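The values are calculated or read from the model by the stated rules, or taken from the named source; none is laboratory data. Predicted model only: the values in this text are computed from it and were never measured. Ideal geometry is used to build each Cβ from the backbone, glycine not excepted, and the neighbour counts take in all protein chains shown. In case anyone asks, the SASA skips ligands and DNA or RNA and just uses the protein heavy atoms, side chains included. Shrake-Rupley method; radii C 1.70, N 1.55, O 1.52, S 1.80 Å.
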Amino acid sequence: MSASAVFILDVKGKVRLGAGSGERTESLDPSSDQTFSAHPQPLISRNYKGDVAMSEIEHFMPLLMQREEEGALAPLMSHGRVHFLWIKYSNLYCIRGHGRIPGGPEWWAAQAQRWWAGTRGAQYSSGSGWRVRVQGLCSIGTLQNGTFSLTSLPAVVATTLKNANASLVYSFLYKTVEVFSEYFKELEEESIRDNFVIVYELLDELMDFGFPQTTDSKILQEYITQQGNKLETGKSRVPPTVTNAVSWRSEGIKYKKNEVFIDVIESVNLLVNANGSVLLSEIVGTIKLKVFLSGMPELRLGLNDRVLFELTGRSRITLLTRLRVSGSKNKSVELEDVKFHQCVRLSRFDNDRTISFIPPDGDFELMSYRLSTQVKPLIWIESVIEKFSHSRVEIMVKAKGQFKKQSVANSVEISVPVPSDADSPRFKTSVGSAKYMPEKNVVIWSIKSFPGGKEYLMRAHFGLPSVEKEEVEGRPPIGVKFEIPYFTVSGIQVRYMKIIEKSGYQALPWVRYITQSGGSPTWHLQRELSSTPLYLLCPGWPHLSRM
Amino acid sequence: MPYLGSEDVVKELKKALCNPHIQADRLRYRNVIQRVIRHMTQGSDMSGVFMEMVKASATIDIVQKKLVYLYMCTYAPLKPDLALLAINTLCKDCSDPNPMDKASYVRRVAVLGCAKMHTLHGDSEVDGALVNELYSLLRDQDPIVVVNCLRSLEEILKQEGGVVINKPIAHHLLNRMSTLDQWGQAEVLNFLLRYQPRSEEELFDILNLLDGFLKSSSPESRELCFAALCHVRQVLHSLPGHFSSHYKKFFCSYSEPHYIRLQKVEVLCELVNDENVQQVLEELRGYCTDVSADFAQAAIFAIGGIARTYTDQCVQILTELLGLRQEHITTVVVQTFRDLVWLCPQCTEAVCQALPGCEESIQDSEGKQALIWLLGVHGERIPNAPYVLEDFVENVKSETFPAVKMELLTALLRLFLSRPAECQDTLGRLLYYCIEEEKDMAVRDRGLFYYRLLLAGIDEVKRILCCPKSDPSLRLLEDQAERPVNSWASDFNTLVPVYGKALWATISKCQGVERRGPELPNTAPFATSGPLIPEENKERVQELPDSRALMLVPNHQLTAACFEKTWVSLKVAHQQVFPWQGAVHPDTLQMALQVVNIQTIAMNRAGAQPWKAYLSAQDDTGCLFLTELLLEPENLQMQISVKQNKARTETLNSFISVLETVIGTIGDIKS
């Protein structure tokens, strides 16, 4: 692995007004010449090996900008003998305007593109407060009462001289971010500045001499605390967990009421093209546990007897462990990529297929699996979007529940993209309510409860300005969010949960099933463009799009 | 980054740190220390309060202690004499009567400390007792201690080839695998690769033990996805079509970043087979109209790549794209067409039919050049070719790219040969402009050259300009890059596949240069101590794990004069004859050599007797290969003589075999 140093960079610059007039961020005058200089300052950095000069990080940002401009950005870059491996989670930024700000949105959109070379798709929308959205790498901030302040999500960068294992370095960086997020909720510039002492302490524990050490935030939280520890001679300062044989659970945990909550959650990821054929469908299932148990309990989980654990041919290289779930009509579904939490005894599982473990305290994910068999989309969407240039857009969306009549989908949210310059929305829905979210350029159609087999309609009408904007807009897909309780697509069921602790207390296991939409949007209508390239003739928004 | 007024800040902080009232108030004291660290983090020089900070380490506040230690580590190199004074305090901390002395937390730190000490001492002798102690700690009950021992031993024994994994150690590590965290498992698996099982039975037992670890629980991220895609591409180079049945997994989705989508398109291109070609092309066609022009263009180039195998379908899609009359699309489609007719002459007719009208939506230099080339070479099949070229000539004054003008000259002259009546007038005007008005010397010289050529008579022009219009043989050469998986298995899961082999070669080359550069003056005073030079060599060898693999550097440029000087000064390292039949086509040969990164310095024109050529190439270690090709008319043999500026037999042999492949392929085709 061997990372030389880790940096948390605030990849923002400073807005400079006028040539040579120093930095003034107070009053912004649109007519003065403003330049954006990108001198990233590490918010925090930790040198682990001392073989790379810490000043090397100064090359990172220019390199990043250059690559972005060339359209050749990648999470791995090199300068001289130093390799930079970096991660960043979001690259969508907003300039928001409130009140009296010089320039107005058009001006800011143009400026943003000028300052942040390589930004794409700057768009703006007006209204009471206006905003400029810029998609790109560099950060954008907020402009308030004539003051332009920048906020951004920091990038986490590792440097190394060695031909390191890239995936391990990325995993470590993500782990770092995860640990910080658990400490400060959001990992952003401010939270790091406010907590820099803890950040230093954590960086110290996470890695030593370039090698990852203790990275479990549950354990870290036991001895790196906001209050700080006091050194008391004669008493051990490191909690036993750090050095326990069972590293994920501390001894001496006590609860008045011993309970375990089991959530079986299946999410559906789906890709449907413009013709309505399913390109990709997969179910990602997880079994999550919330454990409130005293002592060192030994747990055993039994799944329904229709679940046949079967290792496909004990061949040399079994890439996938498959679990076979047979449905009621002898149809069996194969679960792929079954992954267990570190606490599960894999040897036991290999021998007799029992899932036995000593659980960590609190929330954790016991196992996850994937199901790539073709499944019918649970909520089927059809849409007709008709655009009359310079006047209006008419949208019609039909949603159909394609699951069992006994089941009900809750909190259904269908988000339909609309052109960014649309205005004066009007809606009509057969059920639920529709709301225009101008900051996201979507209409959200929410339906509280959606029984299986039902079909609902929504119509939307938007005005369009007579002067159309020039730049081409991407066509985001229609997104569908929902939850179906008491239902799993795979048919997996928890039969029993045995809890044995040497003190012999009685404990109660609770089980919940839920199927929900996956993390990625469900209906990718972007393919519309592909099947009929004709649409591109009109820059931006298709004249007429149909599923 | 210099901090404005940092001197004042240092003064103020110094005063605060010395203030006994503040020292007495634990919170206020810690607060001042935090301010020092904050300024340090922001890059200001805080070394001025070193003494005061050392004093602050004598505290029971553990957070304060950690902060002070962090400060000391940062500034100790700047204040070596003051740092010595800090040692007293540190020693006192070390002798702290803490019952944790034997705790595994301490062992973890101590074990890595051994490696740190070793690194700090440079190439000091390896302490045998320490190494033995570390080996025995491999049996420690704490999993992180075990892994840290391996890491530490690896560092300390770097010169001896790293930690030795014998049978007892290998089996011990295998049994401990399940107790390790993900980092430990990854590390141990890497070390286990060193172990050679004695029997097949043992091998199978080990694989059985490791089966369970194929399941990983690290969260998916786009960077990991990117690294995985890079590996997929590397695998595909060795096992073409390997992931074909999973082609849908490589379809791009709306929210993915640019770099992932580009990798996926590359992968899709290589997965195409008879069964999925329809779906893949359908998908790629969708990308061609993406709002991101870069991505759309990448998709079009990808279709161009697939067109080498599935010509008709792809040419049809590309032709439809022209109908959109989008500038960024048309230019790339025309460039794709140019490359395609060169490799697949059977599609020339279809391409020629698609071209009319394109000129209206091409603005950039690359696109114009491609279109003009096509009109010049295949103009006899395109009815309006002379008039399109005429329009270009009309606007030549406002043309900003010299390359376009050069291309225009050649194209018009070529077309003049097949359609003289329609081109004569235009050609005359263009030549006049280039010779009389053009400012760019290269264009003017080209104009003058063609003018003189025309004076030499039309037959002479034909002889010089009428070269082959296609060369399907080039594809054969490109396809020969396949290498067995074993040849790069050691690079698996390193940075090499993520950068890509070619880029990695360039990077490690510059790294070699940089490393040698600044270190040279430093080595002088130590030269008497001896082992430094071989040490440096070792490092360089380590950088190139597979020293036998030859990696010729692309874009290697050597001037003719420089070539001559080097050629004369070196002895022939290798001489060999290859069978050769028929005449030589210098252009074809030159292009073929270029594909494998061999630069042609000089070459006789076709038909010269004897025919000679001088070639040059350089590999990633900086070794030069200078070659002479000699074709005597009487015997059917090509004689090659290779000179090398560094004596390396292995790379020389690889180089000869590259040359043999090229000459063999070209020789065969021409016979």
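Side notes on the structure shown:
- 10 Å Cβ neighbours from other chains, averaged over peptide B:499-508: 2
- Heavy-atom accessible surface of region A:379-484, averaged per residue, reaches 47 Å², computed with a 1.4 Å probe.
- Gyration tensor (alpha-carbon) shape descriptor, region A:351-409, a/c threshold 1.5: prolate
- Structure-based [θ]222 nm, chain B - -39500 (n - 2.57) summed over DSSP H runs of at least 4, per residue, nearest 500: -19000 deg cm²/dmol
- Computed E for B:ARG463/A:ARG67 - FRET, C-beta separation, R0 41 angstrom, nearest 0.05: 0.30
- Accessible surface of B:ARG444 - all protein chains present, 1.4 Å probe, nearest 10 Å²: 80 Å²
- Virtual paramagnetic centre 7 Å along Cα→Cβ of B:ASN486, amide N under 18 Å, in region B:178-217: B:193-200, B:203-204
- Using a cut-off of 25 Å between Cα atoms, the listed pairs B:LYS368/B:LYS439; B:LYS249/B:LYS509; A:LYS405/A:LYS448; A:LYS376/A:LYS398; B:LYS14/B:LYS66 include B:LYS249/B:LYS509 as exceeding that distance.
- Heavy-atom accessible surface of region A:379-484: percent carbon and sulfur, 1.4 Å: 51 percent
- Cross-link reach list, lysines versus B:LYS15, counting only Cα pairs under 19 Å and skipping chain neighbours closer than eight places: B:LYS55
- Extending 7 Å from Cα along the Cβ direction at B:ALA110 and again at B:GLU320 yields two label points whose distance is 7.2 nm.
- Computed log₁₀ I(q)/I(0) - Debye formula, equal Cα scatterers, no solvent, region A:379-484, q 0.15, 0.20, 0.22 Å⁻¹: -0.61, -0.98, -1.14
- Cut-off 20 Å (backbone N to label point 7 Å along Cα→Cβ of B:GLN353), residues of region B:290-332: B:304, B:307-325
- Accessible area of A:SER55 (1.4 Å probe, protein heavy atoms only, ligands and nucleic acids ignored): about 60 Å².
- Of all lysines in the structure, the ones whose alpha carbon falls short of 17 Å from that of B:LYS158, not counting any fewer than 8 places away in one chain, are A:LYS49, A:LYS162, B:LYS116, B:LYS538.
- Chain B against chain A buries an accessible area of about 8200 Å², both chains summed, 1.4 Å probe radius.
- Candidate lysines - alpha carbon under 17 Å from A:LYS185, same-chain residues fewer than 8 apart omitted: A:LYS88, A:LYS175, A:LYS218
- Cα gyration tensor shape for region B:147-201, rounded if a/c is under 1.5, else prolate or oblate: oblate
- Scattering profile of chain B at q = 0.08 Å⁻¹ [log10 I(q)/I(0), Debye over alpha-carbon scatterers]: -0.91
- Of the listed residues A:MET437, B:MET72, the order by accessible area with a 1.4 Å probe, largest first, is A:MET437, B:MET72.
- Peptide A:76-83 is shielded by partner chain Cβ atoms: per residue, an average of 5 of them sit within 10 Å of its Cβ.
- Which of B:ILE435, A:ILE381 is most accessible, then next, and so on - probe 1.4 Å: B:ILE435, A:ILE381
- Rolling a 1.4 Å probe over the protein chains gives B:HIS237 an accessible area of about 100 Å².
- Three-way shape call for region B:324-393 based on the alpha-carbon gyration tensor, with the a/c threshold at 1.5: oblate
- Amide proton proximity set for A:ILE484, modelled H, under 5 Å, gap of 5+: A:ASN410, A:THR515, A:GLN516
- Protein-only accessible surface order, largest first, of A:HIS79, B:HIS231 at 1.4 Å: A:HIS79, B:HIS231
- Acute angle (nearest 10 degrees) that the helix B:649-670 long axis makes with the longest principal axis of chain B, alpha-carbon atoms: 20 degrees
- Per-atom-type breakdown for region B:281-371 gives carbon and sulfur 45% of the accessible area (1.4 Å probe, protein chains only).
- Shielding by partners for peptide B:364-373, expressed as the average number of C-beta atoms from other protein chains within 10 Å of each residue's C-beta, is 0.
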